[in-house]
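The values are calculated or read from the model by the stated rules, or taken from the named source; none is laboratory data. Since we're looking at a predicted model, the values are computed, not measured. Here Cβ is always computed from backbone atoms with ideal geometry, including for glycine, and neighbour counts include all displayed protein chains. Ligands, DNA and RNA are excluded from the accessible area calculation, which covers all protein heavy atoms including side chains. Shrake-Rupley method; radii C 1.70, N 1.55, O 1.52, S 1.80 Å.
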Amino acid sequence: MATFVSGEEQPSLNGLNSDSQAKKLTDLPTELLEHILCFPVLKHVDICNVSCCCKRLHDVCHGRGKVWGHQYKLRWPRLQRFYRQNECCDWLKEYKTRHRVGIQIRRTVESISKRFFTEVPCVGQVLGDSFAEIESLGMPEHFCEDELLFILNSDKRKSLTLKYYAKKILYFLRQQNILRSLKTFLEQPAEQQSALEGAVLVDQYCNPLADVTLDSISAQLDEITEKVKKMLRIKNSSHPSLHIAQGEHLVVEDFELQRQVVCALNSVLYEQLQYKGNEFDYYNPLNSYIHQVLLRHTGIPISLSVLYMTLARKLGVQLEPVNFPNHFLLRWCQKPRGSDDIYDFVYIDAFGKGKQLTAKECEYLIGHQVTADYYSAISTTEVLLRMVGNLLNIGKRGEGNEKSYQLLRDSLDLYLTINPDNVQYLLLQARLYFHLGIWPEKVLDILQHIQALDPSQHGAVGYLVQHTLEHIQHKKHPVTPEVKRRSTPEHLEVQYSVGLIMKHKRSGYNCVIYGWDPKCTMSQEWITTMRVHQLSNGANQPFYNVLVQDGTCRYAAQENLEPHSAPLEIGHPEVGRYFSEFAASHYVANEELQTRYPEDMDDTLGTVQELYHRLTSGFGEQEQACATNQTNHPATPM
């Protein structure tokens, strides 16, 4: 056992006295102390505690020093791009500010569920005063975005409600920034507007959570351009397009040289890279997003035309967009000084693998004659209006689910940013918001604008104004939601509870229950349409609100549902609105849903225990019995 001695009697190592034994941590050089305090295991609380020990350590942990700089970078790595390398700033102050903003944002997100659980959340309306508080802090917007991303990237199966609203807020904030960028883009002179940049802005607005940037899209097009140049070099090593640097604008005048570029472009794009028109899934919105066209090598006429035209211009060939009905085209002038004659152009079908058409052949493409106006070149703004118009039509064709409504809202926002006085689409936007029951104040603003633009719309406007005012009045006196207790006599037939993962016996879909009624509460028309009377118990049985794996919400009869034999997560965008966590075998209802169904969670836990834990223990007992059997009867060698 070691014996401790003190004073002069303490033996020295190897019989020698050493001053190093008297050294303390604070005697170490500053650089070494900083290195020690930058160990990843140390958190900001540890650094605060260390800096309170003594003046020496307090000085080492000063705000502008390496230690707090390291803590800041460790906690918020995504924010580093907003600081210059080796920038000297007060990292402790930055840390405190960023931390305070983070707390405020988290409180804002947490408060939204309590206020908007019973309504369709419209974030522009939801944020209101809450984000005014954050803006009053005077902090950069990227602080807010980073905190929202931190929430979204936390434990996948937990804090689902927090993530649900954080995602909506991030979606909204990014869209506001993109709209500002689009307005700036539209203010540029027409000749300076790039169809590619406009297409990227449309893509970004409809996919604000995706990592889509003009730089990344341009880099991919530069790679394709280099492939075309490689092909050109084989055909004509002295071709002028080979010497066009990235970002340089040069027009190749000679028609034979232009033809060589177009041939090489067709070869690379359609033969080597296998781009093609998406004939089999034409109305998929992904066909309109330029980053998806580059990823999937397929699109519709307008998206492929923007891609084709941009590549051709990078190689010195000027092509113009043509707003041809039902089939977007490009035109290539065959006269050296330009022309207004439609027969002096070759028309290129980017959807049809770059096929070159005459004016007459274009009519064969759509099956009817058109006037010469349809062969005219159009502006970048008109290209964007057609692109957004396609998305609008896809949204209208949708199934009435969350995804199609979101696409319709996004495309209307874009269209009315480009063309703010289109009465038809303003009225559609007002009707959509009214139908969804969101943002009634915004609906009144839209209707007032419509009335000023076109007084003849007073009938439709008056009807919507009246019902919107009724909606606003109704919101001032909200109805207390019904609380459903399983123990009441009228609910005794309800077998299943919220949070259980189910399988539909007939349709086979997987789903999670988020509500129930003791009897079917839908209209007689719905009951007849859905053939509820053909069920053995008809409408006189419990019905359940379920979120389905395919993204839809359905109303299912009890006799058609059964607990899933192997519970799995349900990939529905609205899961976080109702549940706070996925607990391996079931979903945990959030505070708001538990208030509505106060006795359901106990029942859910009991069902889970009975169904899955018993099954697991049964398997365990079987395995143990097999092991015992093998021990008592060892295998006989053959």
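Observations on the structure shown:
- Mean shadow area of segment 145-196 over all directions, Cα convex hull, nm²: 4.6 nm²
- Put simply, segment 416-537 fits an ellipsoid with semi-axes of 41, 19, 15 Å; these come from the alpha carbon gyration tensor as the roots of five times its eigenvalues, largest first.
- Approximate spin-label separation residue 549-residue 535, in nm, with each point projected 7 Å along Cα-to-Cβ: 2.2 nm
- Computed from the C-beta positions of residue 485 and residue 274 and an R0 of 45 Å, the FRET efficiency is 0.15 to the nearest 0.05.
- Heavy-atom accessible surface of segment 192-247: percent carbon and sulfur, 1.4 Å: 47 percent
- Taking the Cα centre of the chain as origin and assigning +1 to Lys and Arg Cβ atoms and -1 to Asp and Glu Cβ atoms, the resulting dipole is close to 380 debye.
- What the Cβ-Cβ distance of residue 376 and residue 505 gives, at R0 = 45 Å and to the nearest 0.05, is a FRET efficiency of 0.15.
- Fully extending the segment from residue 474 to residue 59, taken as 0.36 nm per residue of separation minus the present Cα-Cα distance, adds 143.3 nm.
- Distance histogram in 5 Å bins (all Cα pairs of segment 351-500, percent per bin): 2, 7, 12, 11, 12, 12, 10, 9, 7, 6, 4, 3, 2, 2, 1, 0
- Farthest toward positive dipole pole in the chain [+1 Lys/Arg, -1 Asp/Glu at C-beta], among 383, 28, 449: 28
- Segment residue 401-residue 245, extension gain: residue separation times 0.36 nm, minus the distance between their alpha carbons: 51.4 nm
- Lysines with Cα under 29 Å of residue 475, excluding same-chain neighbours fewer than 8 positions away: 114, 163, 167, 168, 396, 403, 442, 484, 519
- Just the protein heavy atoms count here, and of the accessible area of segment 500-612 at 1.4 Å, carbon and sulfur take up 47 percent.
- Working note: Debye formula, equal point scatterers on the alpha-carbon atoms of the chain, no solvent; log10 I(q)/I(0) at q = 0.05, 0.10, 0.11 Å⁻¹ is -0.38, -1.13, -1.22.
- Volume per residue of the C-alpha convex hull in segment 420-476, rounded to whole Å³: 65 Å³
- Surface analysis of the chain yields an accessible area of 55 Å² per residue, using protein heavy atoms and a 1.4 Å probe.
- Over segment 476-613: Kirkwood hydrodynamic radius from C-alpha pairwise inverse distances, Å: 15.4 Å
- Computed from the C-beta positions of residue 219 and residue 297 and an R0 of 22 Å, the FRET efficiency is 0.85 to the nearest 0.05.
- All-pairs Cα distance distribution in segment 498-541, expressed in whole percent, bin size 5 Å: 5, 18, 19, 28, 24, 5
- Those aspartates and glutamates that a straight Cα-Cα span of less than 14 Å connects to residue 24, excepting residues fewer than 8 apart in one chain: none
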